[in-house]
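K.L.:
Pasting a structure here, questions to come.
The values are calculated or read from the model by the stated rules, or taken from the named source; none is laboratory data. On a predicted model such as this, the values are computed, not experimentally measured, just so you know. So basically every Cβ, Gly included, is an ideal-geometry build from the backbone, and we count neighbours across all protein chains shown. What goes into the accessible areas is simple: the full protein's heavy atoms, side chains included, and nothing from ligands, DNA or RNA. Shrake-Rupley method; radii C 1.70, N 1.55, O 1.52, S 1.80 Å.
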Amino acid sequence: MKNSWTKTKFIMLMSVLTMFLAGCGENHLSALKPAGEVGRQQFNLMVISIAIMVLVIVVVTVAFSIAVFKSRRSQLGESFKPKQIAGNHTLEVIWTSIPIVLLIILAIPTVYFTFQQGDTTEMVNAKGEPNQDVTIINVTAHQYWWEFEYEHEGVVTSQDLVVPTGEKVFFNLKGADVKHSFWIPAAGGKLDTNVDGVNSFFLVFDDDKAQDADRLFYGKCAELCGPSHALMDFKVKALEKDDYEQWLADMKQIEEPLQADAGDAKEGQEIFNNSCIGCHAVTPTGAGAVGPNLTNFGDRELVAGYLEHNKENLVDWIKDPETLKPGNKMTGKYQLNDEEIEKVAEYLMTLKVDEGTGDKSKLRETKDEGGDK
């Protein structure tokens with residue numbers, strides 16, 4: 001009896017702890033606050049499936065409780081035998097049909113949305129070429145960072161993804177080394193980035209939801225890809241179409257590396273050009289570099305994908321990347337002393353893009369020319 005009570009208390013304690021632990025995690029990494037068409041559809045599917053499960057549990061619990069209380073021997077006597085219904089074809093048809101009906105109710109919207117969300121025919125025109133009228137972003141996943149190439153504009157960035165709101169944004173996903181998985185919980189479900197092929201899909205970001213989130217969403221790698229898998233994060237900036245085009249124009253007009261004015265930043269640029277330029281580009285072109293593109297590093301939200309964006313964290317990252325992100329491919333690729341690292345960090349923090357300096361009309365002309373080819 002004592003052991004039974006101890007076991008019961010343990011189960012109750014674990015149940016309570018499970019409920020508390022269910023509330024743990026990052027609030028901004030949640031699929032329960034959909035911020036677009038795809039995320040909303042997938043959320044509704046979750047609601048339907050949960051409602052069906054709850055309905056089944058309630059019906060079974062009620063039926064079981066009625067059977068238990070109505071058939072107590074204290075009321076019906078020791079000799080009572082319940083009616084035997086084995087072989088009752090009517091009942092067998094009923095309780096076989098009910099699960100089938102419930103599955104059909106869940107299957108119809110699931111199949112419909114699966115095909116709808118997998119339809120990427122808008123990405124190409126009648127000639128089979130990339131459609132200039134839609135936004136296409138090529139995503140390459142590396143251990144442990146992300147590269148984003150804007151198909152029509154030729155702009156390349158890393159870690160911070162910028163997207164327009166109120167329209168479909170198409171993604172071509174691939175992996176550079178091992179399998180990863182591209183996931184923006186608020187916008188929709190994950191999709192794998194494979195080394196031996198390209199996966200394509202689209203997401204939609206609602207402008208009102210973007211405003212509520214200060215125009216910032218969060219993404220992660222959702223596939224175990226190595227020791228720093230949990231640190232493979234990225235940020236998503238969702239801008240109105242006009243602001244998005246201005247950002248692209250600002251990036252597009254950078255044809256030469258930004259020059260540091262003087263002091264430690266200028267010396268840091270020289271050190272960077274001698275030690276780092278072979279892996280990191282500082283102009284927004286040329287996809288497929290060894291390391292992340294650093295053109296707008298000073299404007300980023302994070303250092304190394306997860307550290308607060310400041311010079312102190314940047315210095316720590318350059319000094320010992322292996323401690324902060326085990327298994328990264330930057331470790332051991334350079335030899336810099338503490339003074340040189342300080343100067344390189346000073347230079348990198350100056351890499352910012354001047355807002356409003358790009359010409360949007362030229363950007364549109366470039367897209368129109370591409371569509372006429």
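K.L.:
Take Phe80 and decide whether it is more than 30 Å from Lys168 (Cα to Cα), of a type in the set (Phe, Trp, Tyr) and not assigned by TED's automatic domain parsing to the domain that holds Phe201. So that I can check it myself, show each step before the final result.
P.N.:
Numbers: more than 30 Å from Lys168 (Cα to Cα): yes; of a type in the set (Phe, Trp, Tyr): yes; not assigned by TED's automatic domain parsing to the domain that holds Phe201: yes.
Yes: the conditions hold for Phe80.
K.L.:
What pairs come out if I take residues in segment 284-306 that are aromatic (Phe, Trp, Tyr) and pair them with residues that are open to solvent by 20 Å² or more (accessible area, probe 1.4 Å) whose C-beta lies under 6 Å away, six or more apart or interchain?
P.N.:
Final answer for the pair search is Tyr306/Leu231; Tyr306/Asp233.
K.L.:
Picking from Gly332, Gly327, which residue would you name as being surrounded by fewer than 19 Cβ atoms within 10 Å (Cβ to Cβ), within 22 Å of the chain's Cα centre (by Cα) and of a type outside the set (S, T, N, Q)?
P.N.:
Only one candidate qualifies: Gly327.
K.L.:
State the number of residues belonging to segment 207-222 that are surrounded by 20 or more Cβ atoms within 10 Å (Cβ to Cβ) and either touching a Ser or Thr at 6+ places or on another chain (Cβ under 6 Å) or of a type outside the set (Phe, Trp, Tyr) (or both).
P.N.:
5
K.L.:
Mind listing whichever residues of segment 294-331 are in contact with a His (Cβ under 7 Å, 6 or more places away or on another chain) and assigned to a loop (DSSP other than H, G, I, E, B)?
P.N.:
Across segment 294-331, the qualifying residues are Leu294, Arg300, Glu301.
K.L.:
Would you check if Asp261 is in contact with a Gly (Cβ under 7 Å, 6 or more places away or on another chain) and more than 23 Å from His142 (Cβ to Cβ)?
P.N.:
Criteria not met by Asp261.
K.L.:
Let me ask something else. Regarding segment 89-98, can at least one residue be identified that is under 24 Å from Ile48 (Cα atoms) and of a type in the set (Asp, Glu)?
P.N.:
no
K.L.:
Checking the condition farther than 30 Å from Val236 by Cα, in contact with a Pro (Cβ under 9 Å, 6 or more places away or on another chain) and either of a type in the set (Ser, Thr, Tyr) or open to solvent by 90 Å² or more (accessible area, probe 1.4 Å) (or both), which residue from Ser71, Ser79, Ser65 passes?
P.N.:
On the way: Ser79 fails: in contact with a Pro (Cβ under 9 Å, 6 or more places away or on another chain); Ser65 fails: in contact with a Pro (Cβ under 9 Å, 6 or more places away or on another chain).
That would be Ser71, the only listed residue that is farther than 30 Å from Val236 by Cα, in contact with a Pro (Cβ under 9 Å, 6 or more places away or on another chain) and either of a type in the set (Ser, Thr, Tyr) or open to solvent by 90 Å² or more (accessible area, probe 1.4 Å) (or both).
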